[in-house]
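Below: one structure, written as structure tokens.
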Amino acid sequence: SSVIDKGTIIILGMSIYAYGTVSWHKTKKASCFVPILSGVLIMACIRVWMGAIAVFPLVVFFLMSDIKFYKKIALILASLTIVFFLGKNFTTNYRIDTLDSAFKFLEFKSRAWSYASGSSQTINFQIKTWKDIFSFLPLGIFTALFRPFPWELPSLMGILAGFENIFLLVLLFITFLKIRWRKIKNPIFMWLILLIATWACCFSVISYQNLGTAIRYKAQILPILLLLIVYLNKIKPSSISISNNP
């Protein structure tokens, strides 16, 4: 990041959290929960929903891990408890107590950043039902992860970000063409995919309305996207352990 701001601190928290998660997968040491929880705490202190976004994929990650059943249940319950606590804190802070108020909150957020600028665009329908959300998500997720394109923003930063996005798209496409089943069924792969998908779903509404904002927010998840690409392109399975043994 070019400046020290909230986004920079969240990137730091995400990196610490990712380091702890991969370390635990390879070693199963309890000490790995220190960086996991530290990273989650750093992100949650800046934006509480980022903590919940990070913890939610751990539920499936622990479910797929090759550990004793009682440990698996304990870790899943602990993860769900943290998600519930952070979610409760979020809904309390933003006074979301009904489904209707949740839709109104999303509708407000979907237009809060669409101020007049060369990078703004407005969602052309209102978010009032689950159908509206699911109809918008494919476009919103794609925008959050892979836009703007070079021709969409007139600034130098926008053009450079656009070429970066095209490069990322091509790299991911080539990577997924070479994917193998043994990597798909690995807990690390599922954790990476769920983390990226959860983040993209949550930020799709915000990122879509202002492509300049999308560039800044995507920096939070870019290290995870790159980690996914590195993992899938490893020639030897032992490079990032396919088994759960170190």
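The values are calculated or read from the model by the stated rules, or taken from the named source; none is laboratory data. Note that the structure is predicted; figures quoted are calculated from it, not measured. Quick reminder, even Gly has a Cβ in these numbers, built from the backbone with ideal geometry, and neighbours come from all protein chains shown. Side chains are part of the model used for accessible areas, which takes the heavy atoms of the whole protein and leaves out ligands, DNA and RNA. Shrake-Rupley method; radii C 1.70, N 1.55, O 1.52, S 1.80 Å.
Residues of the range 151-188 falling in the label zone of Leu226, defined by backbone nitrogen less than 18 Å from a point 7 Å along Cα to beta-carbon, are 160-173, 175. Taking only the alpha-carbon positions of the range 143-231 and ignoring solvent, what does the Debye formula give for the base-10 log of I(q)/I(0) at q = 0.15, 0.18, 0.21 Å⁻¹? Log-scaled intensity ratios, in q order: -0.58, -0.80, -1.02.
Working from Cα pairs under 8 Å separated by at least six residues, relative contact order for the chain is 24 percent. Applying a DSSP loop filter and a limit of 12 other Cβ atoms within 10 Å to the trypsin sites (Lys or Arg not before Pro) in the range 122-194 leaves Lys178, Arg180, Lys185. Computed over protein heavy atoms with a 1.4 Å probe, the accessible surface of the chain works out to 53 Å² per residue.
For the pairs Lys28/Lys234; Lys72/Lys178; Lys68/Lys185, flag any whose C-alpha to C-alpha distance is greater than 27 Å. Long pairs (Cα-Cα over 27 Å): Lys72/Lys178.
Listed values (1) 21.4, 78; (2) 18.7, 56; (3) 21.4, 71 include one computed from this model; for Rg and Dmax of the Cα atoms in Å that value carries the label (2). The portion of the accessible surface of the chain made up by carbon and sulfur, rounded to a whole percent, is 70 (1.4 Å probe; DNA, RNA and ligands excluded).
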